[in-house]
Each structure stands twice: as structure tokens, then as C-alpha cells.
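S.K.: Handing you a structure now.
The values are calculated or read from the model by the stated rules, or taken from the named source; none is laboratory data. It should be emphasised that the depicted structure is a prediction, and the values quoted were computed from it without experimental measurement. Here the Cβ is made from the backbone with ideal geometry for all residues, glycine too, and neighbour counts use every protein chain on show.
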Amino acid sequence: MRTWAGLAVALALSLAWACGTGPARERSGPELARRLGCFACHAFKGQGGDGAVDLGGVGARLFPAELQTSLSHPRQRHPGARMPSYAYLRPEERQALLTYLAGLK
């Protein structure tokens, strides 16, 4: 009887994980950029939108603190920006996105 109960718990945890109700899985910076729709407006390596600045070289143009401000409070850097705030991202997601953008040199 205990074996079946243990298997049932393991199965429930596995299903919860697979369905996304378990612990949040880590996302990479490029995956986050795609999921958040960054490339709908920003271009990179000749692909993406043209409604905002090209992300190529953004890591060389902006300091990490400036990138952070651009993500969390975009209108502080550019008052007319239409970019949404990504302040709601979990800290590890925000860091992954910042690391990715800072590496685009």
C-alpha cells in the first residue's frame, strides 16, 4: 500500500512539473527575449522588427545599470518609448535577460 502511495505522489509531482504548476524552470536570456516579444520591435543580426533600436552591440553601448533601467523603467531613459516594463520578471529571469543583452557587443 505504501509503495502505491509513494508512486502516486511521484506521479503527481511529475505531472505538476510537466504542466508548469511545479517550480518555475529556468529560462535562458535568448529564450526570454523571444518569449517576451523583444524581436517584434528590436532587430538583431538582420532579423526582427524595425520599430526600436537594433540590439546588436547594445552591451557595448550601455552599462548594466542602464540596461536594467531600460528593462524595468524604459520611459526613464526614453520618455516616448512604447516598450513595456519588465520589472515584473523574477530576479533570475531578469538577470538572465540582462546577462544576454550585456553580452551583445
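S.K.: Limited to the range 71-105, what total is found for residues that are of a type outside the set (A, V, I, L, M, F, W, C) and within 25 Å of ASP50 (Cβ to Cβ)?
M.R.: Count: 16.
S.K.: Please go through (1) surrounded by 11 or more Cβ atoms within 10 Å (Cβ to Cβ); (2) modelled with pLDDT under 95 for ALA18 and return the number of the only condition it doesn't satisfy.
M.R.: It fails just one condition, (1).
S.K.: Can you name the helices (runs of 4 or more DSSP H) wholly within the range 52-105 that have at least 2 residues being within 15 Å of ALA33 (Cα to Cα), acidic (Asp, Glu) and modelled with pLDDT of 95 or more?
M.R.: 91-102
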